[in-house]
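Engineer: The structure is given below, and queries will be raised subsequently.
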Amino acid sequence: MYNDLFSIGPVTIHTYGLMIFIGVLAALFTGEARAKKRNMDSDALYPMTFLCVVLGFCAAKVLFCVVEWKQFVENPSNVLTNSGFVVYGGIVGGVLTAYVYCRVKKLSFVDYFDLMMPSVALAQAFGRLGCFFAGCCYGRETDSFIGIAFSHSDYAPNGVKLIPTQLISSAGMFVIAGVLFWYGRKERPKAKVGALYLMLYSTGRFIIEFFRNDYRGEIGIFSTSQFLSFFALGAGIVLFCGKELKKKKAG
């Protein structure tokens with residue numbers, strides 16, 4: 001796949017960056033439309049989204065440095081400028097940024113959490129398409145008909161048929177986004193939509209990790225993302241079932 005779209009002087013436009021940009025816009029516009037239907041402050045989404053994206057990327061890079069701490073110690077400049085990110089770091093960083101922003105602006109964080117998580121899933125779907133064009137986050141070798149061989153990737157091995165984990169992840173995120181938009185079309189108890197995102201994303205991420213072949217760090221027998229998926233799934237279950245469990249205990 002080709003990551004370089006075109007160049008304007010010394011600046012090269014990459015498909016990876018373009019897909020992320022499209023994803024952010026898609027998240028912002030869908031979030032704005034849903035906010036207006038719910039009589040929420042849609043104008044707050046613009047600065048909130050900007051801060052969440054910037055600080056989310058920073059958090060994703062910080063977590064990558066933690067995971068790849070040996071590589072970071074040996075060559076910090078390369079890790080900071082050329083290496084990758086850890087998506088879970090971006091999610092945590094984005095959510096914390098949104099929480100702080102809502103506290104400062106005296107907005108309901110839970111309401112915006114439920115509002116934006118379907119849009120976040122949509123943004124991730126476009127982001128994974130960017131991964132495909134760049135060749136990062138690639139899968140294991142395969143002889144299956146679904147295998148795709150890269151020819152100009154700076155990340156994936158070229159000329160070898162690989163499981164297209166990026167496309168599978170992208171398709172999965174589009175499905176998750178669709179489920180969340182459908183589920184969130186009606187008024188739900190607070191935190192339910194966001195909790196459903198955590199459960200669906202963590203489950204999908206845990207599964208797809210078995211088919212990836214790029215190095216992502218490891219904790220015991222699990223990859224770093226699989227390990228973090230346990231916590232995300234647990235948090236999602238607690239948020240989704242918490243009130244029902246309290247009602248049962250009270251009853």
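Engineer: Pull up the range 9-22, narrow it to residues that are modelled with pLDDT of 70 or more and not in a helix (DSSP H, G or I), then point me to the one that is surrounded by the fewest Cβ atoms within 10 Å (Cβ to Cβ).
Structural biologist: Applying the filter and picking the extreme gives Ile13.
Engineer: With Asp214, Asp154 as the choices, which residue is within 20 Å of the chain's Cα centre (by Cα) and over 28 Å from Tyr112 (Cα atoms)?
Structural biologist: Values: Asp154 fails: within 20 Å of the chain's Cα centre (by Cα).
The conditions single out Asp214.
Engineer: Right, here's the next one. What's the number of the only condition in (1) at pLDDT below 95; (2) surrounded by fewer than 16 Cβ atoms within 10 Å (Cβ to Cβ); (3) of a type outside the set (Asp, Glu) that Tyr99 fails to meet?
Structural biologist: (1)
The values are calculated or read from the model by the stated rules, or taken from the named source; none is laboratory data. Predicted, not measured: the structure shown is a model, and the values here were computed from it. Every residue, glycine as well, gets a Cβ built from its backbone with ideal geometry; the counts of neighbours run over all protein chains shown.
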